1. Please give the number of the condition TYR146 fails out of (1) surrounded by 16 or more Cβ atoms within 10 Å (Cβ to Cβ); (2) at pLDDT below 95.
2. Among the candidates LEU136, LEU94, single out the residue that is in contact (Cβ under 8 Å) with a residue 40 or more places away in the chain, assigned to a strand (DSSP E or B) and of a type in the set (A, V, I, L, M).
3. Every residue in the range 236-251 that is at pLDDT 55 or above, of a type outside the set (A, V, I, L, M, F, W, C) and either in a loop (DSSP other than H, G, I, E, B) or touching a helix residue (DSSP H, G or I) at 6+ places or on another chain (Cβ under 9 Å) (or both), please.
4. Go through the range 27-67 and report how many residues are over 21 Å from the mean Cα position of the chain (by Cα) and under 14 Å from LYS117 (Cα atoms).
5. Step by step: first the residues of the range 44-57, then only those that are part of a loop (DSSP other than H, G, I, E, B) and either among the charged types (D, E, K, R) or in contact (Cβ under 8 Å) with a residue 40 or more places away in the chain (or both), then the one that is surrounded by the most Cβ atoms within 10 Å (Cβ to Cβ). Which residue is that?
6. Return the pair list, or none, for Cβ contacts closer than 8 Å from residues in the range 98-112 that are assigned to a helix (DSSP H, G or I) to residues that are surrounded by 10 or more Cβ atoms within 10 Å (Cβ to Cβ) and of a type in the set (Asp, Glu), at least 6 apart or on different chains.
7. Go through the range 89-117 and report how many residues are under 25 Å from GLU45 (Cβ atoms) and of a type in the set (Gly, Ala, Ser).
8. If you take the residues in the range 58-91 that are part of a helix (DSSP H, G or I) and of a type in the set (Ser, Thr, Tyr), which one is surrounded by the fewest Cβ atoms within 10 Å (Cβ to Cβ)?
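The values are calculated or read from the model by the stated rules, or taken from the named source; none is laboratory data. Here the structure is a predicted model, which means the values were calculated and not measured. Here the Cβ positions follow ideal geometry from the backbone for every residue, glycine too, while neighbour counts run over all protein chains shown.
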Amino acid sequence: MKNYINVFILVIIAISCGTKDKSKEVLQFEQREFVQTTDNCIEDECTSIRLSIPLITNKEHEIATKINQRILGTIDEIVAVDEVTATSKSPEELTKNYIANYNAFKTKYPDETLPWKAEVEGDITFYSSELLSVALEYYTFAGGAYGFKSEVALNFNPKTGELYKMEDLIGNWEELQKLMALQLKDKMDIWKNNNQLEYPESIFFYEDTVGFLYNAVDDTAQYNGPTKIDFPKASILPFLKINLEPTTTEE
């Protein structure tokens, strides 16, 4: 089996840590890449998995560990090919498990000729004293007519390492729906029967914009691809519960 683990330090972001014992310690992020490819290739088409994700490098840090594990757990769920709960303890283990699952599948079904593929690109898109937002863009294929491509946002409270629930982020959903309705009026598979919008599956926070994502499915259970709409951050601020003032990296 080919095994490549390349580490690229692309960005280090400092965020004040809110734990009692480490209140003055900052969280340091590195962008890391993990790649695994099977040697069981078919006509030069090889099953592969590639992760490029931000991870916190602080040692023995409760919040860092919590955030890293949540990012890892989400990726485990994204690339999973069955309903088994994801349990990988590291990105290296996750990529090895993916290849091992393919090899086991190929042994069980030797006539299957399509290679699997999984790619996950992660970025830190926003941080403030109240929010650390990590976006994961991904593509997966494990047989069938087509692969699955979408995005997901993980919005953390940087003081606790906990993920925000949607209701923790949005303060006035009724009014926010009115703003979103103009851009979603033709997306009938997103609306509920009472002409109300469901909460979006993900909210993406950027320096100047806020995005809302739905993975739409029609009445025949066909995946129509993600629907994402972006608004200027200033127009969304009145509907939010959290502060979006950027945090300086200066101590």
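1. (1)
2. LEU136
3. PRO238, LYS241, ASN243, GLU245, THR247
4. Final tally of qualifying residues: 10.
5. Of everything passing the filter in the range 44-57, THR47 is surrounded by the most Cβ atoms within 10 Å (Cβ to Cβ).
6. Here the result reads PHE105/GLU112; LYS106/GLU112, each pair linking the range 98-112 to a residue that is surrounded by 10 or more Cβ atoms within 10 Å (Cβ to Cβ) and of a type in the set (Asp, Glu).
7. 2
8. THR65
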